[in-house]
1. Please list log₁₀ I(q)/I(0) at q = 0.12, 0.16 Å⁻¹ for region 147-238, using the Debye equation with identical point scatterers on the alpha-carbon positions.
2. Mind jotting down the distance between the C-alpha centroids of region 180-238 and region 115-145, whole Å?
3. Averaging sequence separations of C-alpha pairs under 8 Å and six or more residues apart, then dividing by the length of region 131-238, give the relative contact order as a whole percent.
4. So the label point goes 7 Å from the Cα of His122 along Cα→C-beta, right? Which residues of region 172-210 then have their backbone N under 14 Å from it?
5. Might you report the magnitude of the Cβ-based charge dipole of region 152-238 about its Cα centre, with Lys and Arg at +1 and Asp and Glu at -1, to the nearest 20 debye?
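Each reported figure results from applying straightforward, stated rules to the coordinates on display, with no laboratory input. Given the structure is predicted, the values throughout are model-derived calculations rather than measurements. Using ideal geometry, Cβ is built from the backbone for each residue, glycine included, and neighbour counts are taken over all protein chains shown.
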Amino acid sequence: MIGSLAIFPDLGNATILILVSLLMYTISGIAYRWFTTILGLLAGVSMISLTAIRIIGVEKFSKIPVFGYVAKRFSAFFNPFNDLAGAGHQLANSYYAMVNGGWFGLGLGNSIEKRGYLPEAHTDFVFSIVIEEFGFVGASLILALLFFLILRIILVGIRARDPFNSMVAIGIGGMILIQVFVNIGGISGLIPSTGVTFPFLSQGGNSLLVLSVAIAFVLNIDASEKRARLFSEYDAQL
């Protein structure tokens, strides 16, 4: 499944699936040496791939039919200001939006970049507009709320007595956390842009539907664990 996503190509969601799979393997109780081996392999392959693309050149890499669009994103990742009219246009304008926001932002609805400068600002680069309108302080508060939600989801998994419920809840919390990291890493230039949406803010019915169903699973797990705990306490009193 991960391979088919990469070939499609959808490297952003393939990356999320790989990292979530690594997380699930980790919490399933595998030996520490297996976890470090898998993590080391992923890190090594990533570094070798980036180095190879840098040495070979983005232009030659773009001739590969499937990964032509990926080469443009790597080109923007290395230096978006080399091609402001092409591959680097979106990332460069993301930088401008964040700089415009400053500490306290331009105010709700007063973004400059979303008025035609930052393409598709309502999708994977929506958080750049959030920073521009609410500033670093406002964006930090939104991230704090989202991280609080993720922490609560992970706590549900930690407290769950049923191993399956525990893995599902922790996996959902990890999935949202990884999605946030990949999105913010893309808009800030820490990693190549992947097209991954920002949870609950980016436009996209499928993303919102999947996240809503995931939250519903966590709420159901929490409720079922509380019922099981109450029943066990009741039986102990009898």
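1. -0.46, -0.70
2. What the calculation gives is 21 Å, centre to centre.
3. Working: 80 pairs, mean separation 21.5, N = 108.
The normalised contact order for region 131-238 reaches 20 percent.
4. Hits in region 172-210 for His122 at 14 Å: 201-206.
5. Details: 6 positive and 5 negative charges, 18 e Å.
That gives region 152-238 a dipole magnitude of about 80 debye.
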